[in-house]
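Asker: Can you read through this structure? Questions will come right after.
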Amino acid sequence: MSEGRLNPIRANLCAQFEFRAVNLMRVLLIALDSDYDNSLALDYLVAYARRDPVLQNEVEFCQYIETTDDEEAVRSLLSQRWDVVAFNTYVWNLTENLVLAARFKAANRDVAVVMGGMEASYTAPELLRANQAVDVVVLGEGEIVFADLLRRLLRREPITGVVPGIAYRGPFGTVSGGQGPILAGLDEIPSPFESQDFLSRPRNRLLYESYRGCAFKCGFCLYHRDYTRQRAFSLDRVKSDLRAISRSGCSHIRFVDSTFNLDRARAKSILRVLAEMHVHVSVEVSAEFFDAAMIEMFPPAGIRQVDIGLQSTNSAALETVNRKWYKEGRFRENLRLLRNQAGLTLNVELIAGLPSDDYRGLKHSIDEAVAMWPDHVSVYRLLGLRGTDVERRKDELGLHFSETPPYEVLTSPGFSKEELDSIDVLTFAHLMLFNLGIGRYALRCFVDKTGVAPTELYEDFIEFAVGAGRYDREEARMLGRYYSHGNRFDRVLPGGLAPERVRDALAEFFRVACEARPSCDFALIESLLDYGYRLALLDRFEETAAKATGDAATNNLYLAPWCQWQSYPENVYRELQRQGAGGSSLDADDIGEVLFFIHPTLGPASVAVTPGVTDLLERLTDTNGKDLVPPRPARLADFGTDEQALLAQLQEFRILLPTP
């Protein structure tokens, strides 16, 4: 799009927009606090608006996706002249959006500030009343409404009366047009992934949706967002989009579909396309809707992270929030099948504070979820998101939520304030003993041999670590609140979660626990803790190697068995190879050494590195210090000479077997 002289809009929504002669209208779209390199909402708004030749030729669109704090970039944007600044809002970034909107308004009082997204849609009256910097709120689905708003601004039309799809500040208060028109079919949105804008910037981690809406009406969720039906992109469009994304060099795709595996035939078609792409993929699923064939298609399709919504094992709580399809037997069986697929990281999600649940029921749900032995069990607190059923029925259900984002539940009939306040400390113990991975294998062994429930052990650990002052209670609460969801070894962690500190605390705790329960041998527990610790130390390997040599280093990594070549009898190693790779495994001569690590997407694993990568590690040791290079794995405790028992032990703890 050609450059031209840029002039502002005077955004006086109480009367009439005064629009001076222009060459191009400049529109800045902003998504703050993003873990990904794109915002689907902004991509679709721009792509749909550009269908209109007038908007295509007379509007310059720019996007700012904030993945890290960058005050310099923000100041650069504030120094420029914008006609419209539009924000995509969610519960986690609303406050930050409002602060930045006020800064744009202070820099240029004529700029029109527009907000949309889930959080703004359901809080429009109070948002406009409390924030003079915000001029317009787009309500609900935005493609049609936002394009129409831009056309009004270009034509200098006044915004008066009721306009479907927007809310604004009128002379006598907020004027709201309610939900606006929605697209009849999603293929009406031109693909943003084929555009020059998309291809001109590096995109490593992308969000993608293949359909919009949800088949279910869970009381705590906004996925369905008042839609009467689901709408899907055609399979041809999905295939075209994914292939365009593949050409862009993207390495990770996160599907935001509410239930990726709901339509099995459609999901399998998408998986076949993904299998051609060689990218890592994250999806959200319901375990009940799998069949065995789809599960087997996941690893070849690059599926790495699988988020599984369980929410609770309390049937009364599930029924209260309209989640009635949970089938325990089918859930467990499909989770077992998923667990048997090498390369998948399984994250089971629970919600604390559901109506018709209580603290005892929550602990039972955690115990049940941990006993299925996924890679992570993430416990989230119930949120009273505006527009959800639990928020609308809060008085009826006896729920009390905080008045400000993220609207956490404060009390309920089943949970006292003290119990809800203690959840962060409970999840701290869960983080230390299970989710971080260092203690997961030791926990499983201890639970199996003593019959103690995981949350009973968690409470013992809280008394040991917090009660005795090894961790300050506020530190434990902070760690449980902000670091307990899924696998966090792929990010910078605070000192309280340093692998050495975690290992030492767990070793001291388990030594005492084994003395109290002699049925579990501490020597075995100590070896399993050592394994988990070495996994954690090697979490930094891929990033370090990539910085040193680029992608070539990580291309030389192979999944390998839980042993060093010399650690076990040769026939055990060969049996592991036979079962895991069907004859196409690494030979001993190909292996420089076997390293243990927690992969950001694969979870706990070990790698056999080629001699070239071993040389790289040695060079890193020479140039960057020994702290960057993990130690060589030590032998585990002596399990005796029974090779079949050893093999069973390795398999029991879900060891990733070798693949070429």
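Asker: Before we move on, is Leu385 farther than 28 Å from Asp472 by Cα and in contact (Cβ under 8 Å) with a residue 60 or more places away in the chain? I'd like the intermediate steps shown before the answer.
Answerer: Details: farther than 28 Å from Asp472 by Cα: yes; in contact (Cβ under 8 Å) with a residue 60 or more places away in the chain: yes.
When the stated conditions are applied, Leu385 passes them.
Asker: Which residue, of Arg169, Arg81, Arg129, Arg75, is open to solvent by 40 Å² or more (accessible area, probe 1.4 Å), over 22 Å from Asp52 (Cβ atoms) and without any contact (Cβ under 8 Å) to a residue 12 or more places away in the chain? It would help to see each step written out before you state the result.
Answerer: Working: Arg169 fails: without any contact (Cβ under 8 Å) to a residue 12 or more places away in the chain; Arg81 fails: without any contact (Cβ under 8 Å) to a residue 12 or more places away in the chain; Arg129 fails: without any contact (Cβ under 8 Å) to a residue 12 or more places away in the chain.
The conditions single out Arg75.
Asker: Let me ask something else. Could you tell me whether any residue of the range 135-142 is surrounded by fewer than 19 Cβ atoms within 10 Å (Cβ to Cβ) and either among the hydrophobic types (A, V, I, L, M, F, W, C) or farther than 16 Å from Leu42 by Cβ (or both)? Don't jump to the end; show me each part of the working.
Answerer: To start, the set of residues in the range 135-142 that are surrounded by fewer than 19 Cβ atoms within 10 Å (Cβ to Cβ) comprises none.
So far as the range 135-142 goes, no, none of its residues is surrounded by fewer than 19 Cβ atoms within 10 Å (Cβ to Cβ) and either among the hydrophobic types (A, V, I, L, M, F, W, C) or farther than 16 Å from Leu42 by Cβ (or both).
Asker: Could you look through the range 313-340, keep only residues that are open to solvent by 40 Å² or more (accessible area, probe 1.4 Å) and in contact with a Leu (Cβ under 7 Å, 6 or more places away or on another chain), and pick out the one that is farthest from Ile303 (Cα to Cα)?
Answerer: Lys324
Asker: Here is a further query. In this structure, does Val279 turn out to be among the β-branched types (Val, Ile, Thr), touching a Gly at 6+ places or on another chain (Cβ under 6 Å) and either crowded, with 17+ Cβ neighbours inside 10 Å or farther than 29 Å from Glu408 by Cα (or both)? Give the derivation first.
Answerer: Values: among the β-branched types (Val, Ile, Thr): yes; touching a Gly at 6+ places or on another chain (Cβ under 6 Å): yes; either crowded, with 17+ Cβ neighbours inside 10 Å or farther than 29 Å from Glu408 by Cα (or both): yes.
Considered against the rule, which asks whether it is among the β-branched types (Val, Ile, Thr), touching a Gly at 6+ places or on another chain (Cβ under 6 Å) and either crowded, with 17+ Cβ neighbours inside 10 Å or farther than 29 Å from Glu408 by Cα (or both), Val279 comes out as yes.
Asker: Inside the range 412-502, counting only helices (runs of 4 or more DSSP H) that do not spill past its ends, which hold 3 or more residues that are in contact with a Leu (Cβ under 8 Å, 6 or more places away or on another chain)?
Answerer: Values: elements: 417-430, 440-450, 454-462, 473-482.
Fully inside the range 412-502 and qualifying: 417-430, 440-450, 454-462.
Asker: Looking at (1) open to solvent by 40 Å² or more (accessible area, probe 1.4 Å); (2) touching a residue at least 40 places away in the same chain (Cβ under 8 Å), can you tell me which one His252 breaks?
Answerer: Against the list (1) open to solvent by 40 Å² or more (accessible area, probe 1.4 Å); (2) touching a residue at least 40 places away in the same chain (Cβ under 8 Å), His252 comes up short only on (1).
Asker: Residues to consider are Ala120, Ala106; find the one that is surrounded by fewer than 22 Cβ atoms within 10 Å (Cβ to Cβ) and free of Cβ contacts under 8 Å to residues at least 40 places away in the same chain. Spell out the reasoning first.
Answerer: Working: Ala120 fails: surrounded by fewer than 22 Cβ atoms within 10 Å (Cβ to Cβ).
Ala106 is the lone residue from the list that is surrounded by fewer than 22 Cβ atoms within 10 Å (Cβ to Cβ) and free of Cβ contacts under 8 Å to residues at least 40 places away in the same chain.
Asker: Provide a single number: the residues in the range 146-162 that are among the aliphatic types (A, V, I, L, M), open to solvent by less than 10 Å² (accessible area, probe 1.4 Å) and either over 18 Å from Tyr48 (Cβ atoms) or touching a Gly at 6+ places or on another chain (Cβ under 9 Å) (or both). Step through it out loud before you land on a result.
Answerer: If we filter the range 146-162 for residues that are among the aliphatic types (A, V, I, L, M), which is where we start, we get 147, 149-150, 153-154, 159, 162.
Next, from what is left, pick out any that are open to solvent by less than 10 Å² (accessible area, probe 1.4 Å): 147, 149-150, 153, 159.
Now narrow it down to the ones that are either over 18 Å from Tyr48 (Cβ atoms) or touching a Gly at 6+ places or on another chain (Cβ under 9 Å) (or both): 149, 159.
Final tally of qualifying residues: 2.
Asker: Of the residues Leu13, Leu6, Leu24, Leu28, which is at pLDDT 95 or above and surrounded by 14 or more Cβ atoms within 10 Å (Cβ to Cβ)? Give the derivation first.
Answerer: Details: Leu13 fails: at pLDDT 95 or above; Leu6 fails: at pLDDT 95 or above; Leu24 fails: at pLDDT 95 or above.
Checking each option against the conditions leaves just Leu28.
Asker: Could you list, in sequence order, all residues of the range 55-87 that are acidic (Asp, Glu) and part of a helix (DSSP H, G or I)?
Answerer: Going residue by residue through the range 55-87, those that are acidic (Asp, Glu) are 58, 60, 66, 69-72, 83.
Glu58, Glu71, Glu72 - these are the residues of the range 55-87 that are acidic (Asp, Glu) and part of a helix (DSSP H, G or I).
Asker: Tell me, which residue of the range 31-44 that is in contact with a strand residue (DSSP E or B) (Cβ under 7 Å, 6 or more places away or on another chain) and not in a loop (DSSP other than H, G, I, E, B) is most open to solvent (accessible area, probe 1.4 Å)?
Answerer: Selected residue: Ala41.
The values are calculated or read from the model by the stated rules, or taken from the named source; none is laboratory data. Quick caveat: nothing in here was measured; it's all calculated off a predicted structure. Ideal geometry is used to build each Cβ from the backbone, glycine not excepted, and the neighbour counts take in all protein chains shown. Each accessible area value is taken on the protein alone, full model and side chains, heavy atoms only, with ligands, DNA and RNA left out. Shrake-Rupley method; radii C 1.70, N 1.55, O 1.52, S 1.80 Å.
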